[in-house]
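Below is one structure, written out as structure tokens, with a few remarks after it.
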Ligand SMILES: Nc1nc2c(ncn2[C@@H]2O[C@H](COP(=O)(O)OP(=O)(O)OP(=O)(O)O)[C@@H](O)[C@H]2O)c(=O)[nH]1
Ligand SMILES: [Mg+2]
């Protein structure tokens, strides 16, 4: 068998399961840190439940992902996860799933590892959402997950700080209603409503066009150019206002 024959034979095995996302479907990428419970606790010894160094490394990673060759309309991060809404008509790599998942997991793992100077990795999946409404629901879902995580994490660490062991702390929280969790925190001197918004709702990222003032040495005149810049939103709105914000970045 010559090389061309061998090449033809083997390509079939390489590409037979090569799935491509159908057109006219939104793609939302979700990237999640692998074993970050261990990384944040045992390896990095980060502050809990929230650490600004960890948050900043995640922010830097989202920005990198928005600038690494995929048309991202909106980015979002909470805890150890990142979501990216891709342009509706995105046809980078012929919409091949393996390309998106492998490249975006690789880009985030590499960038985040350099940011914290410690080896870390992310997994990646693509949600295929057929309607605009489902895109709204997706991002509302992640925001509500952030809210629940924050409430539970504050309760958990309040109990742990009282010298409760992990299992007892988990069990005590599991049986509490939202109101009771708020009350527990209040007794520990924390008013959950007063916590900074990014911890409860996550952080949003979108492109903005800004004016850039310059100077033309030849004409000796000031110049004004437009530039695309990533805006980082630490105080995301909720409910309908959040949907309106998302819709303002849809490209259809
Ligand atoms: N200390 C600390 N931990 C954080 C922070 N943000 C996220 N984490 C932790 O990151 C982990 C994320 O949860 P998961 O993604 O469910 O857990 P995981 O260990 O990454 O598991 P897999 O995703 O299944 O690999 C939780 O344990 C969080 O407590 C932070 O700011 N500080
Ligand atoms: Mg994880």
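Any read-out appearing in this document is the output of simple, stated calculations on the displayed coordinates, not a laboratory observation. Keep in mind that what you see is a predicted model, and the values were worked out from it rather than measured. All Cβ positions, even for glycine, are placed from backbone atoms using ideal geometry, and neighbour counts span all protein chains on display.
Here are the numbers:
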| quantity | calculated |
| --- | --- |
| Between 0 and 90°, nearest 10: helix 3-15 axis offset from the chain longest Cα axis | 30 degrees |
| Burial order of peptide ranges 164-176, 202-214 (average beta-carbon count within 10 Å, highest first) | 202-214, 164-176 |
| Tail fraction, Cα-Cα pairs, the chain, threshold 27 Å, whole percent | 49 percent |
| Ordering of 231-240, 216-225, 64-73 by burial proxy (mean other Cβ atoms within 10 Å per residue, highest first) | 64-73, 231-240, 216-225 |
| Three-way shape call for region 31-155 based on the alpha-carbon gyration tensor, with the a/c threshold at 1.5 | oblate |
| Mean ellipticity per residue at 222 nm, deg cm²/dmol - from DSSP H runs of n ≥ 4 across the chain, formula -39500 (n - 2.57) | -14000 deg cm²/dmol |
